[in-house]
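What follows is a structure written as structure tokens; I'll ask about it next.
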Amino acid sequence: MNAPDPLTPELPVFDNSFAALPAAFYTRLDPLPLPDPYVVGVSAEVAGLLGLPPELLASPQFADIFAGNCLLPGSAPLAAVYSGHQFGVWAGQLGDGRAHLLGGLRNELGHWEIQLKGAGRTPYSRGADGRAVLRSSIREFLCSEAMAGLGVPTTRALCVIGADQPVRREAIETAAVVTRVAPGFVRFGSFEHWAARDREAELRQLADYVIDTFRPECRDAPNPYDALLRDVSRRTGELIAHWMAVGFMHGVMNTDNMSILGLTLDYGPFGFMEAFDAGHICNHSDSHGRYTYRNQPAVAQWNLYCLADAFQPLLKDPMVARAAVDETYGPAFETTFERLFRAKLGLREGLPDDVDFIGETFGFLQQHRPDFTTFFRMLSDLNATTIETKAGPTVSPEKRPKSENAFRDLFIDRSACDNWLDGWRARLARTPWEDSERQAAMRAANPKYVLRNWLAEAAIRKAKDKDFSEVQRLLTCLRRPYDEQPEFDDYAALPPDWASGLEVSCSS
């Protein structure tokens with residue numbers, strides 16, 4: 001495989017820390033070339049994180065480099081091995097079946113690993129072709145950057161490179177490669193792999209690598225491996241709380257899709273909540289509803305128990321391993337969840353019974369099914385008082401301000417909406433806050449824009465006709481999801497009727 005032309009702008013230097021692990025952890029191999037590649041979308045923000053010069057992004061070689069057709073100087077491509085539980089069942093050895101880790105970069109902004117997803121078959125492909133399709137690559141590219149804009153810990157995406165090469169899925173589609181960027185791609189399943197094989201030496205090497213590369217503070221703890229497991233549990237709890245707060249559903253929370261660094265990893269059949277239903281299944285392949293919105297916190301804990309079981313050879317006591325999860329995950333999730341939902345509801349200070357009010361709010365949403373994102377964003381603009389609430393908490397329907405009508409129109413049962421609003425205002429009155437300040441704080445906690453499936457689908461349909469303008473327009477909007485951005489108001493609209501027929505599955 002040829003290196004970039006000498007005229008290519010100067011690039012950062014790879015350090016390839018994962019490649020320094022023993023050969024048992026991966027297979028070295030180059031990506032499979034993709035003929036006649038073209039650029040579908042680029043995140044200039046991620047290019048900046050990597051220190052890539054602007055000239056490279058404009059270079060004709062950019063598509064070839066990130067399609068896997070030529071290697072960046074100093075890269076050492078490899079596919080990592082791991083195992084995992086899929087839909088609650090031990091699946092055995094898995095691994096990077098269509099991903100190639102090019103290497104890692106270290107700069108003043110951190111440590112970044114660059115991975116091509118869809119760059120061809122590897123020894124872990126399990127009979128598959130190792131390719132990704134344009135549809136799924138655009139979804140991952142946009143959602144990675146959307147989640148970063150929302151402030152949710154996540155892997156990032158530099159670009160999508162497309163090609164006209166046919167790929168067979170449910171139908172014939174075209175190939176694409178998405179370039180994923182993260183500090184590291186080690187998964188829960190990376191540890192499960194060695195534990196299942198009774199390979200304590202490799203298990204320890206992997207734990208030492210994670211500690212020394214990403215979590216050096218754990219080395220100072222009395223038991224660094226216990227400290228690492230607690231760190232993962234805490235970060236995972238915080239991550240899931242962030243998912244719940246923005247209405248995100250991962251769709252396939254297998255242990256091989258859980259990041260040891262507490263990042264959102266592997267965007268496949270994801271979805272953002274629309275008409276609220278805590279039992280919503282966003283993954284058409286999830287026939288038993290294991291990964292519904294409401295189940296995500298419990299599934300994350302179950303996955304952490306699998307990780308704790310894998311850590312047992314290092315901790316020597318299963319009770320210690322389970323305690324590391326029990327003592328950190330629940331408190332981290334609950335504390336973060338309550339903090340985020342207090343912010344969404346505009347509660348200036350926490351009160352002991354806020355948990356009850358948050359729970360009542362979820363019950364109200366479940367019963368009346370308003371659009372999740374729209375409900376909280378519109379709520380952000382309402383006043384804490386009306387003419388009548390200055391004298392008492394209850395407002396008669398005819399005295400409701402007209403400014404509330406759009407919010408009330410989210411409900412068929414307006415009286416139920418009015419009753420909830422009265423309770424919300426009564427709670428706000430217990431910790432008073434100037435309306436303008438509270439409203440600004442609520443808008444900073446409640447996004448106006450999320451990557452709804454129908455928005456991604458509209459961009460995908462245009463991209464299939466080689467019109468990539470909608471991909472870039474969506475990306476521009478989703479970088480600042482909490483800002484008003486009136487030029488993108490169409491993205492904040494409720495889903496059109498045709499969107500109800502959209503389905504995403506594990507092949508998405």
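Only one of Ser125, Ser137 is touching a residue at least 24 places away in the same chain (Cβ under 8 Å), within 25 Å of Lys464 (Cα to Cα) and among the hydroxyl-bearing types (Ser, Thr, Tyr). Can you tell me which?
Only one candidate qualifies: Ser137.
Kindly list, by first and then second residue, each pair from a residue in region 218-243 that is within 19 Å of Lys316 (Cα to Cα) to a residue that is among the β-branched types (Val, Ile, Thr), limited to pairs with Cβ atoms under 6 Å and residues at least 6 apart or on different chains.
Final answer for the pair search is Cys218/Ile211; Arg219/Ile211; Pro224/Ile211; Leu228/Ile211; Arg230/Thr328; Val232/Ile260; Ser233/Val325; Ser233/Thr328.
Out of Asp354, Asp309, Asp266, which single residue is at positive phi and either crowded, with 20+ Cβ neighbours inside 10 Å or among the acidic types (Asp, Glu) (or both)?
Criteria check complete, one pass: Asp266.
For every residue, the table says whether it meets (1) surrounded by 17 or more Cβ atoms within 10 Å (Cβ to Cβ); (2) out of contact with any Ser or Thr (no Cβ under 9 Å at 6 or more places or on another chain); (3) under 30 Å from His368 (Cβ atoms).
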{"position": "Phe185", "(1), (2), (3)": "yes, no, no"}
{"position": "Ala201", "(1), (2), (3)": "no, yes, no"}
{"position": "Ala227", "(1), (2), (3)": "yes, yes, no"}
{"position": "Gly262", "(1), (2), (3)": "yes, no, no"}
{"position": "Phe270", "(1), (2), (3)": "yes, no, yes"}
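Among (1) touching a residue at least 60 places away in the same chain (Cβ under 8 Å); (2) of a type in the set (Lys, Arg); (3) surrounded by fewer than 23 Cβ atoms within 10 Å (Cβ to Cβ), there is one condition Arg168 misses while meeting the rest; what is its number?
Against the list (1) touching a residue at least 60 places away in the same chain (Cβ under 8 Å); (2) of a type in the set (Lys, Arg); (3) surrounded by fewer than 23 Cβ atoms within 10 Å (Cβ to Cβ), Arg168 comes up short only on (1).
Taking the options Asn254, Asn223, name whichever one is outside the structural domain of His100 (by TED's automatic domain parsing), surrounded by fewer than 20 Cβ atoms within 10 Å (Cβ to Cβ) and of a type in the set (S, T, N, Q).
Asn223
Let me ask you something else. Step by step: first the residues of region 459-475, then only those that are surrounded by 14 or more Cβ atoms within 10 Å (Cβ to Cβ) and free of Cβ contacts under 8 Å to residues at least 40 places away in the same chain, then the one that is farthest from Asp381 (Cα to Cα). Which residue is that?
The qualifying residue farthest from Asp381 (Cα to Cα) is Lys462.
Return a yes/no flag: does region 67-76 have any residue that is of a type in the set (Gly, Ala, Ser), free of Cβ contacts under 8 Å to residues at least 24 places away in the same chain and under 22 Å from Val471 (Cβ atoms).
So far as region 67-76 goes, no, none of its residues is of a type in the set (Gly, Ala, Ser), free of Cβ contacts under 8 Å to residues at least 24 places away in the same chain and under 22 Å from Val471 (Cβ atoms).
With the structure loaded, tell me whether Ala207 is surrounded by 19 or more Cβ atoms within 10 Å (Cβ to Cβ) and either in a helix (DSSP H, G or I) or hydrophobic (A, V, I, L, M, F, W, C) (or both) or whether it fails that test.
The answer is yes for Ala207.
Residues that are surrounded by fewer than 20 Cβ atoms within 10 Å (Cβ to Cβ), in contact with a Cys (Cβ under 9 Å, 6 or more places away or on another chain) and of a type outside the set (A, V, I, L, M, F, W, C): does region 275-285 have at least one?
The answer is yes; a qualifying residue exists.
Take region 250-271 and flag every residue that is outside any loop (DSSP other than H, G, I, E, B) and touching a helix residue (DSSP H, G or I) at 6+ places or on another chain (Cβ under 7 Å).
Thr255, Asp256, Met258, Thr264, Gly271
Shifting gears a bit: Among the residues of region 159-181 satisfying the criterion of being among the basic types (Lys, Arg) and assigned to a strand (DSSP E or B), which is nearest to Lys117 (Cα to Cα)?
Checked region 159-181; the qualifying residue nearest to Lys117 (Cα to Cα) is Arg180.
Which of the residues spanning region 437-453 are more than 18 Å from the chain's Cα centre (by Cα) and outside any loop (DSSP other than H, G, I, E, B)?
Answer for region 437-453, where residues must be more than 18 Å from the chain's Cα centre (by Cα) and outside any loop (DSSP other than H, G, I, E, B): Glu437, Arg438, Gln439, Ala440, Ala441, Met442, Arg443.
Can you name the residue in region 385-414 that is aliphatic (A, V, I, L, M) and either surrounded by 15 or more Cβ atoms within 10 Å (Cβ to Cβ) or over 14 Å from Phe375 (Cα atoms) (or both) and is also modelled with the lowest pLDDT among such residues?
Looking at residues that are aliphatic (A, V, I, L, M) and either surrounded by 15 or more Cβ atoms within 10 Å (Cβ to Cβ) or over 14 Å from Phe375 (Cα atoms) (or both), I get Ala391.
Which of the residues spanning region 89-113 are surrounded by 16 or more Cβ atoms within 10 Å (Cβ to Cβ) and on the phi > 0 side of the Ramachandran plot?
Hits for region 89-113 are Gly95, Gly103.
Residue by residue, here is whether (1) over 21 Å from the mean Cα position of the chain (by Cα); (2) within 30 Å of Gly118 (Cα to Cα) holds:
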residue	(1), (2)
Ala201	yes, no
Pro222	yes, no
Val232	no, yes
Thr236	no, yes
Ala245	no, no
Tyr267	no, yes
Ala278	no, no
Asp286	no, yes
Trp302	no, yes
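Just give me the residues in region 312-339 being of a type in the set (A, V, I, L, M, F, W, C) and surrounded by 19 or more Cβ atoms within 10 Å (Cβ to Cβ), in sequence order.
The answer is Leu314, Ala321, Ala324, Val325, Ala332, Phe333, Phe337.
Is it true that Val246 is β-branched (Val, Ile, Thr) and surrounded by 22 or more Cβ atoms within 10 Å (Cβ to Cβ)?
The answer is yes for Val246.
Restricting region 130-158 to residues that are part of a loop (DSSP other than H, G, I, E, B) and in contact with a Gly (Cβ under 8 Å, 6 or more places away or on another chain), which is modelled with the lowest pLDDT?
Gly130
Of these, Gly184, Gly237, which one is in the same structural domain as His100 (by TED's automatic domain parsing) and not in a strand (DSSP E or B)?
It is Gly184.
Quickly run through region 478-491 and pick out the residues that are in a helix (DSSP H, G or I) and surrounded by fewer than 22 Cβ atoms within 10 Å (Cβ to Cβ).
Result: Pro486, Glu487, Phe488, Asp489, Asp490, Tyr491.
The values are calculated or read from the model by the stated rules, or taken from the named source; none is laboratory data. Computed from a predicted model, the values in this text were never measured in an experiment. Using ideal geometry, Cβ is built from the backbone for each residue, glycine included, and neighbour counts are taken over all protein chains shown.
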